[in-house]
Every structure is written in structure tokens, then in C-alpha cells.
4 protein chains.
Amino acid sequence: MKGLFYPRTQTGKASIVPPVPWHYSGELITLEYRTDPAAVRALLPPGFEPADEDPGAVAAIWADWQSCSDSFAEVLDPVRGQYKEMFFVVRCKFQGKAYSRCIYIWVDKEFAMLRGQHQGYPKKLGSIQMSRPAYVGKGGPRLAAGGRFGVTLAAFDRRLAQGTFTITGPAERPGFVNGLPMAHNRWMPAIETDGTDSLDEVVTMSGYDVELGRCFKGDFDLELFDSPVEELLAIAPREKIAGYWHEVGVSWKAGRTLWRKNLP
Amino acid sequence: MKGLFYPRTQTGKASIVPPVPWHYSGELITLEYRTDPAAVRALLPPGFEPADEDPGAVAAIWADWQSCSDSFAEVLDPVRGQYKEMFFVVRCKFQGKAYSRCIYIWVDKEFAMLRGQHQGYPKKLGSIQMSRPAYVGKGGPRLAAGGRFGVTLAAFDRRLAQGTFTITGPAERPGFVNGLPMAHNRWMPAIETDGTDSLDEVVTMSGYDVELGRCFKGDFDLELFDSPVEELLAIAPREKIAGYWHEVGVSWKAGRTLWRKNLP
Amino acid sequence: MKGLFYPRTQTGKASIVPPVPWHYSGELITLEYRTDPAAVRALLPPGFEPADEDPGAVAAIWADWQSCSDSFAEVLDPVRGQYKEMFFVVRCKFQGKAYSRCIYIWVDKEFAMLRGQHQGYPKKLGSIQMSRPAYVGKGGPRLAAGGRFGVTLAAFDRRLAQGTFTITGPAERPGFVNGLPMAHNRWMPAIETDGTDSLDEVVTMSGYDVELGRCFKGDFDLELFDSPVEELLAIAPREKIAGYWHEVGVSWKAGRTLWRKNLP
Amino acid sequence: MKGLFYPRTQTGKASIVPPVPWHYSGELITLEYRTDPAAVRALLPPGFEPADEDPGAVAAIWADWQSCSDSFAEVLDPVRGQYKEMFFVVRCKFQGKAYSRCIYIWVDKEFAMLRGQHQGYPKKLGSIQMSRPAYVGKGGPRLAAGGRFGVTLAAFDRRLAQGTFTITGPAERPGFVNGLPMAHNRWMPAIETDGTDSLDEVVTMSGYDVELGRCFKGDFDLELFDSPVEELLAIAPREKIAGYWHEVGVSWKAGRTLWRKNLP
């Protein structure tokens, strides 16, 4: 039976995600700020510790991706390759080593949800919106000092986050919070649904063939809102660090298991 | 850390699915037919065998659900509880016992995707459409002989299935293909993405407090279409059995592991 | 050239709406309350006066419709016939006669927008959600005393309204605010976009073959929220009147022009 | 009462479209081909004649827009400004003068539908997809020879069009079919719905402050599909002319009435 996830078939054609490698080209807006370090610590599972430095640092990231498999078929049928995502990243330590870690994430396509689950990203669906650079006309911001971008997130018909970002000048690199290898948990509760897990792993991963494109820094504001099924107010900004508009090209094919619970 | 799936937090409030039990009330249209038994067999993973009787029998099922947790909060915020789904079910044998098995399934909400993953349903997102009974006016079919319903399925901007169902009279029960406990695989590929699985299980489950409501049988037609990412033509109808409109109320809290691969 | 609206073609097949008559079957939740009468008056164009009695009465209505043309093709392809809508109705006087009038309305399908424009309903798109009655299971409310329904409205990723309705008992009819013939304006600004209109009409209409089905009254609560592109706070409830769950079947084929501005 | 279209209020805040001027920045893929000239002629209303030259020429255009009003608020809340559209344009003559004319068009936001109606574009809603240029990574095509883009259109869960475009080199301008001032009909059927119109106009318009940005030409293929509510097969390509990827910045504030039926 072929197919990374499901459904598995003789050919794998119907699988919800194509085989690796996966290739990504995207435009991102990254807003880095400090929240209550205790709120970050409270989101780290057993085995994880806060980052040694700046343990309350958070990156709120909006991304507009095009993605594809090695067949590149998705580039020509863009409904199967384009998606937007919004995610919050913190830093942490596991087994004495520093990692980045995604604590919350929303995407707007199902294939992106499943690829993310494979990688331990806790993906939900949402409505992710962000201004794009414009090269002509007045309908969008320029990639230059003064260019002003808007970002919003919503789920279940409630707005969860909104912000603006204004370019002040070029930057070397888009912040530091999301710059380490990721350390994520992958959990699958036992079908007995008795509080035990059938799968309980910590995994790490990085992309390869990373291309950092144009990069600009700037000022921002960011508001987070409440919802009956979210906990964003707990990680609200206390102090702004910096914002970035930047491009990323990256490919992904595998990660590495750091830890796995001995299952009976 | 609380939360069945992810994200896990101190409170569990942000988890993508609420705690069990889950309660469901739905209206379904079930179209039973026979396809090539070899096509069904080809979709059964190692360890599974075809059903002893009528091994080419398939149920194509459209369902319009309302669902909720024990808090019933989702009933009052229906965007978090209502969803539609379309699924194909066959029968099979595992460890000598007969089961029903979902081979393909689409839903239109993310919480339903994740609850389904927990249960081993290979859920994708799609656009699922079905006529509802009307009690006044000419805008919909009556729940009576001659009442005619339409059903469609689409994903990635392509229509995948469409059919019609016409009531001929009352029925005792809605067919036989989806009537057994389910036997599903739960796979999680290893993060090494090397063709091995971190989780490889066969699970079974049934609902409880099942209430079968109104039930009607009738004639139907059904067309399946091709897509670059589906394999529905392989299970196209060769012979129709019968169609049903029916109601189901059911709750779910746990399943049982039938088999788990020894992991290193 | 055939086609009620556009595009007009030799056959009319591609027209955004099919020819009249249009048939509707729906389930509605109507929440009647009183707001500041001055807020209602402020929404009446020149030529209109407030209702003589209870001029601050408002009906906030959620509706889940199935609709079709005389071909009934849309019943069998439900993506072309089903839609939800939420609208606010007040009463008013025009040329000395009492009318109902829709002041704000959202739907979730484009064909419903255009049919509404024809009738002078100021239709926008939104996400309209409402609980449906359940006949089995715990996933939805029963059509009986104690049955509790939720209703919500959102647009542009912001929640605009939410409420609950609890049945207390059967009712004869679903309130009074939306019970009169409608009086609506139909405006088309001149392409010169200089503040003048190419079309400026007041029209009235009623459906025919009205079937009132099951009807229940009850208690409710309702909250309205702000948005940069809405003005709902101005018509917030000051005093509740009553809520209703009810069914309507109706057909529509024509209205009547009450007034038309003499155009040069 | 303020508000270009509806709802009209004391402030105009709730109007479905903001006041003019409207500003647009977009990326477009234009595929020009020849169809049966009789099919184009059949879509021209009374008073229009086919173009003198190349009367079967059609432009199939995909556009990814950011748009805003003079407040630029929509740039910072992009769900209110971004939209995609797909449209077919032909050329024609009216009152002896040559014009471009949109014969079919789909957008994915309601504010774009209404702005289009004002301008006489026969806008429906659909799912419009197109590859975007990528500047890093393998997830999208480069703006250079060999860059290959995909475009698709769907409505009512059916795919209506799909194509690919491959850049061969830079171009001076993006074809000729959509290059003239537009001539559109604006119709509003009488509420009596008796086959007469309350509004029957021919209008023309052009944008101002047009900025043509980067422009590339190339090869393409294009397939059109059938639907119960479309007539695209009638205008299928017989001969390809050329394809283009190009940028446009433009503002719009007014058009001009060319003809209006004397209304009683």
C-alpha cells in the first residue's frame, strides 16, 4: 500500500499528501515580541524547558505559500499547492539543546494541515489574510521604507488577531525566534480514549536548500482577541521587538526522532 | 497538559477537538451498490481479507451532521458543530471477524477531520451537498414516496460524485454495508519519512445510544468522476442495490485496539 | 437576448438567476425586539415615514433556505439552490400605507444576492449559522419546549451577531414585524458616479402560495457587534419582544413599482 | 442618505462598496485566442456589431487584485480588498466606435461583484486560481523564460476552465483584445418581472493613472468545460494567438453613459 498518510492505495494517487520532498516558496511577515515568560513555559510539555535567553520571546508569523511535490503538478493546479498560514513560535530547550517550537498554527488548506501534522505542527484551519507587495498602482504597499502591510487571522467566524507592519528599511535576517531547528511533539491518543497515547514522540526537523530572499524590517502593532476555543490572550504582547517582511524558499524531506515513549 | 489531540495546554481549551463523549444527530442518504470485488480487495491493507458475502458491496453515504461535546456549547455556536460528510464504506474481515470499513471520506470542517483521524477515518476536506427534506413549499423534496433528493461531492474545484435518490417507501433499516463495527488503520509515518511508520494500528469502534429515526428506501443513480488526486473510477458502480434516506442519533467515546505493530 | 439579469445570451442558460417563478422552502428563527425608534427612522429614505405603532420594532431573522426555479433542477444540484440568510426587518409607511422593509441582509450564495437585488434587498455576503432541529440524538435541539437554538452572523472575518433561542411552546404566527408587504428601494448609481442615480425606484412585493408550517415561540438573547463596515450597534436591542422558530414555503414571481424618479 | 449602492445610511459606513475612487494593483495572465466569430456575435446585444478586424478574438484573463478606496483602509484589512477574478473579453462596435467588452466574469468577493455591476460587468462568484511568481525556492514559477504558470476557474463545484502559460520572453504590451475602452450594458429588470427593464443602458469607461508594470509573453493551452449554468463551450478556442503575464496598476472613478432607453 502506498501513500504517506491516508488513504493508502495500490498507487498512492489518492493520498492526502504527495510523497516527499516538498518544496515551498513564500512571503512572510514576522512580528517578534515579548510576552509573559510564564505563559510560554506553561505551553511546554514535560521534558521541555524554557529558552535560556529571552524566554518570553514570541514570533507571530503570517505566510503566503506556494508549495509542490517533486512532480511540480501542484504549481500548475494552484488550488492544490497555494495556502496561507499564521503561526506563533517560541524557543525552548529539550535534552539540553535549544530549539524553536510552534505553539499554535492555522492554515487554509487540508493538505497543509496533514503535512504539518507529520511534522508535529498543531494545525487548525482558519482564515489568514495578509497584504502583498504591489509593484504598480495604489492597491498595495511597496517593498520600501513606508510600505504598510495588514495581517489578520480568524477562525469559526471570529477574528483572533490583527496587526499592521510598516517597513523602515532593509534587514539582514528576519528575527531570531523562528531561527532554530524545530522541536515538536507528535501525539496520537489511544483509540481507547482513556487519557493515554498510542504515539508520543518528540521530533526535530529543518528544511534544506533554504533560500532567504528579500528582507525588510520595521515597526508593527498586534492585537490578539479571545474565543471560546483559543487561549491567545495568555500570550499577548508585553513589549515589541521588531517586525519583518521576508521571502523564504525551502525544501523538506525528513526529520529525526528525539524521543519516543516506550509503549506497552 | 490537557487536550485530546493538539495543541495541548494547561486547560485544554484550545484543543482542536473537545473531550469525549461526542454526540451526533444527522440525516443521511446511503446509496448501496456493487463494484468490482477486486477493486475493494485492492484497498484492503495487509491483515485484511474481503467479506465472505457480497465482497464488492459499497455504500456511498452523504451525511448532514450536527455534533457536540458534553458541554453542548457547539449546539449554540453551530459553526463549531455542524458539518457535512461524504464517505464510501465496504465490508471486510480482520482476524476472522467481519467489519465495515471506510475507504474514502470527505468532510467540510477541521474538527470533524481530527475526530475522524482519531477513529481511523481517512478524512479529507471537500464540498458535500445534499437536498434536505422540506415540510412546506416547493423548494425541497418531501419525505414520502416520490420525494427526490440530489447529492454531490467536490474537492479541489472538481466535481467527484453526483447522484439522485427517489423515495419509493418506508424501510426498516438503511442497508447492510455500513452496519458492522468499523475496522480502521491508524498510521503515522515516522518523521524520518523513510517508508516506516511510527504508529501502525488496527482499531475498531462503534457508537452507543444509537437512535435510528425515520427511514425510507428508494431508487438512485450515481456517477463518479476522475481527478488527479482521487481513485474513484476504480470503485464505480456495476450494479445498484438500493438507496436510503435515514436519520441517526449516536454518541461516541472510545474504541478498541485490535492490533498494533511492535515498534522498535 | 434572454436572461433576467446578466449575462444575457441567446438561450439564457448562463444567466446568474433562472427565470421566475422562484420557489422557497425554509426554516427560520425570528427574534423580535425594540430599538431606538430614531435609529429606525434614520434608515428610512426620503418618502418613507416611521410605522404608526411600535416604530422601534425590529425583527432579526435567520433563515435556512432551499430554493429552485420551475425546472426544479436546483433541488437535485443543491449547491445551486440551498443558502442561508440573516436579515433585519422594520416597519414603515410609504404613500400612507404600512409596509415591512429589510434594512440589512446577508446571504451566502451569489444567486441569492442577485434575486435579492431584483427585489430591493440590500444583500451582502456573510457567514450565517443556525442550529437545526434534531429528531434523534443529542447533536441538536428538539422542536419542543426547552429546545435551544444558536444563531450567528459574520462577515469579513468578524462576528457581527450572535444569539440563542429557547422554545417555550407552540405559536400561531411568527411575530408581526415581517408580516406586511415589503417596500424597498432599488437604486443604480449613474455610471458618471457623481451622486446621481440612473435608477431610483420604490417597489413592493409579496410571495404567493405561502405555506406556514410548524411554529414555536420562546425566549431569546441577542448581541450585536461592531465592524468598520457595519452600523449594527445603532439598532441594538433595548427591549425584547419574542422569538420564534417557524417554517415557510413560498413562491415569488413579480412585484409592483410604487414610485420611480423621473429620469432626464 | 449616503452610500453608492446599498444599504444607504446617514453615514454610508455600511455601504457594500466604499466611495470612488477605487485603486487597483494586480497581476494578470491573459490568454488570447480566436473562437468562432458567430459565437462572439451571438453574445452582442442589439445596437452592437462585431469588431471590424479579427471579430473572433477573445481574451481569457485571470487576475489577482489588491484594491482599496481613498482611505486605504482595505490595504490594512486585506480580506476587504484582495480578490481574484477571471473574465472573457471580446471586441465590438457601438455607435460606430470600437470597444472592448466583458462577456463573462467571475470574482471571489462580494464587494468586487458590486463594483463590477456598477460598471456593467456581468459578475458571478467563482473559485479563481492562478500561480504567482516566486522569487526564491521551487514552489512557484520564475518571471523569466521557461516560467510556467497554471490557471483554473470553477463555480458551483464544477471546474469550468483550466490552462497553463509558459513565458518565452519579455513583451511590450499584453495583447490587444482588452485594450480598448469598455462598452457594457447595465440592465435592471422591472420588478414586475414581465420581460421589461427598469434600467437599460450602455455605458463606457476606462481607468486612469494606468501603470503597466512587468510584462512577459509566452505559449499557453486552455480548456473550457461544460456546466448546466454556463455556455463556455460555445466560445472554445479554435486558434491560439498569444499569452501574457503582466502587471497593472489603475484607478477608477467614473464612466459615461452612451445610450439609455427612454423609459415610460
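Taking the inverse of the mean 1/r over every pair of distinct Cα atoms in chain B gives a Kirkwood hydrodynamic radius of 19.4 Å.
Between the listed residues B:PRO122, B:GLY207, B:TYR135, the Cα displaced farthest toward the positive end of the dipole of region B:110-264, a dipole computed from Cβ unit charges relative to the Cα centre, is found at B:TYR135.
Please work out the Cα center distance from region D:86-133 to region D:199-248, rounded to the nearest Å. Their Cα centres are 9 Å away from one another. Under the classification rounded if a/c is under 1.5, otherwise prolate if a/b is larger than b/c and oblate if not, where does region A:1-140 fall, given a ≥ b ≥ c as square roots of the Cα gyration tensor eigenvalues? Because a/c hits 1.5 or more and a/b fails to exceed b/c, region A:1-140 counts as oblate.
What ³J(HN,Hα) values, in whole Hz, does the Karplus curve 6.51 cos²θ - 1.76 cosθ + 1.60 give for region B:2-9 when θ = phi - 60°, with x put for Gly and Pro? With the stated coefficients, region B:2-9 comes to 10, x, 4, 9, 7, x, 8, 9 Hz. Note on D:ARG214/B:LYS240: beta-carbon distance plugged into 1/(1 + (r/R0)^6) with R0 of 51 Å gives a FRET efficiency of 0.35. The local environment of D:ASP70, defined by Cβ-Cβ distances under 12 Å, has a net charge of +1 under the rule Lys, Arg +1 and Asp, Glu -1. Between this copy and the others, label points of D:THR196 are 2.3, 8.0, 8.1 nm apart in ascending order, each placed 7 angstrom from Cα in the Cβ direction.
Distant-in-sequence amide contacts of D:ALA171, defined by a placed amide H-H separation under 5 Å and a gap of 5 or more residues or a different chain, comprise D:CYS215, D:PHE216, D:LYS217. Taking a 30 Å limit on the Cα-Cα distance, which of the listed pairs B:LYS123/C:LYS124; A:LYS13/A:LYS84; A:LYS240/B:LYS124; B:LYS13/C:LYS123 fall beyond it? From the list (B:LYS123/C:LYS124; A:LYS13/A:LYS84; A:LYS240/B:LYS124; B:LYS13/C:LYS123), the Cα-Cα distance tops 30 Å for B:LYS123/C:LYS124; A:LYS240/B:LYS124; B:LYS13/C:LYS123. Between D:SER127, D:SER227, D:SER25, the residue with the greatest mean-square fluctuation in the GNM of chain D (Cα pairs under 10 Å linked by springs) is D:SER227. The packing ranking of peptides A:231-242, B:134-145, highest mean first, is B:134-145, A:231-242, where packing means the average number of other beta carbon atoms within 10 angstrom of each residue. When D:ASP54, A:ASP194 are compared by accessible area of protein heavy atoms, the largest-first order is A:ASP194, D:ASP54, using a 1.4 Å probe. Accessible surface comparison of D:PHE94, B:PHE72, probe 1.4 Å, protein chains only, largest first: the order is B:PHE72, D:PHE94. Computed from label points 7 Å out along Cα-Cβ, the spacing between D:GLU223 and D:THR196 is 4.8 nm.
Per-residue mean of foreign Cβ neighbours for A:212-221 is 1 (Cβ atoms of other chains, 10 Å radius).
The smallest convex shape that holds all Cα atoms of region D:205-264, its convex hull, gives 193 Å³ per residue. Summarised as an ellipsoid, region A:47-123 has semi-axes of 30, 13, 10 Å, derived from the eigenvalues of the Cα gyration tensor scaled by 5 and square-rooted, with the largest first. Peptide D:66-74 shows a mean partner chain C-beta count of 4 within 10 Å per residue C-beta. The mean number of Cβ atoms from other chains found within 10 Å of a Cβ in peptide C:9-19 is 5, as a whole number. Contact residues in region A:135-166 (at least 50 Å² less accessible area with all protein chains than alone, 1.4 Å probe): A:TYR135, A:VAL136, A:LYS138, A:GLY139, A:PHE156, A:ASP157, A:ARG158, A:ARG159.
Here the Karplus relation 6.51 cos²θ - 1.76 cosθ + 1.60, evaluated at θ = phi - 60°, turns the backbone of region A:61-71 into coupling constants of 10, 9, 9, 10, 9, 10, 9, 7, 8, 5, 7 Hz, with x for every Gly and Pro. Surface composition of region B:48-186: carbon plus sulfur atoms contribute 50% of the solvent-accessible area (1.4 Å probe, protein chains only, all chains present). Coordinate range of the alpha-carbon atoms in region A:21-68 per principal axis, descending: 37, 24, 16 Å.
3J(HN,Hα) along region A:119-134, derived from phi through the Karplus expression 6.51 cos²θ - 1.76 cosθ + 1.60 where θ = phi - 60°, amounts to 8, x, 6, x, 7, 10, 9, x, 9, 10, 10, 8, 4, 10, x, 10 Hz, with x in place of Gly and Pro. Interface between chains C and A: roughly 700 Å² of accessible area buried, both sides summed (probe 1.4 Å, protein heavy atoms only). Where in region C:168-191 does accessible area fall by at least 20 Å² between the isolated chain and the complete protein assembly, at a 1.4 Å probe radius? Residues passing the criterion (a loss of at least 20 Å², heavy atoms only) are C:ARG186, C:TRP187, C:MET188, C:PRO189, C:ILE191. The H on the amide N of B:TYR104, modeled in the peptide plane, is under 5 Å from the matching H of B:PHE88, each at least 5 residues off or on a different chain. Average projection, convex hull of the Cα set of the protein assembly as shown: 39.2 square nanometres. Copy-to-copy label distances for A:ASP219, where each label lies 7 Å from Cα along Cα-to-Cβ, are 5.1, 5.2, 7.3 nm in order of increasing length. Beta bridges assigned by DSSP with both partners in region C:72-141 are antiparallel in approximately 75 percent of cases. Taking a ≥ b ≥ c as the square roots of the eigenvalues of the Cα gyration tensor, region C:156-253 is oblate, since a/c reaches 1.5 or more and a/b is not larger than b/c. Solvent-accessible surface of the protein assembly as shown, taken per residue with a 1.4 Å probe and all protein chains present: 34 Å². Largest GNM mean-square fluctuation among C:PHE87, C:PHE156, C:PHE220, using chain C with Cα springs under 10 Å: C:PHE156. Using the alpha carbons alone, the radius of gyration of region D:105-191 stands to its Kirkwood radius in an Rg to Rh ratio of 1.06. Taking all protein chains as they are arranged and a probe of 1.4 Å, the heavy atoms of B:LEU212 leave approximately 100 Å² accessible to solvent. Rounded, prolate or oblate: which one fits region B:135-186, using the alpha carbon gyration tensor with axes a ≥ b ≥ c (rounded when a/c is under 1.5, else prolate when a/b beats b/c, else oblate)? Oblate is the answer for region B:135-186, as a/c is 1.5 or above yet b/c matches or exceeds a/b.
Extending 7 Å from Cα along the Cβ direction at A:ALA98 and again at A:LYS261 yields two label points whose distance is 3.0 nm.
The values are calculated or read from the model by the stated rules, or taken from the named source; none is laboratory data. Not measured: the values here are computed from a predicted model. Because the Cβ atoms are built from the backbone with ideal geometry, glycine has one as well, and the counts that use them run over all protein chains shown. Side chains included, ligands, DNA and RNA excluded: accessible areas come from the protein's heavy atoms. Shrake-Rupley method; radii C 1.70, N 1.55, O 1.52, S 1.80 Å.
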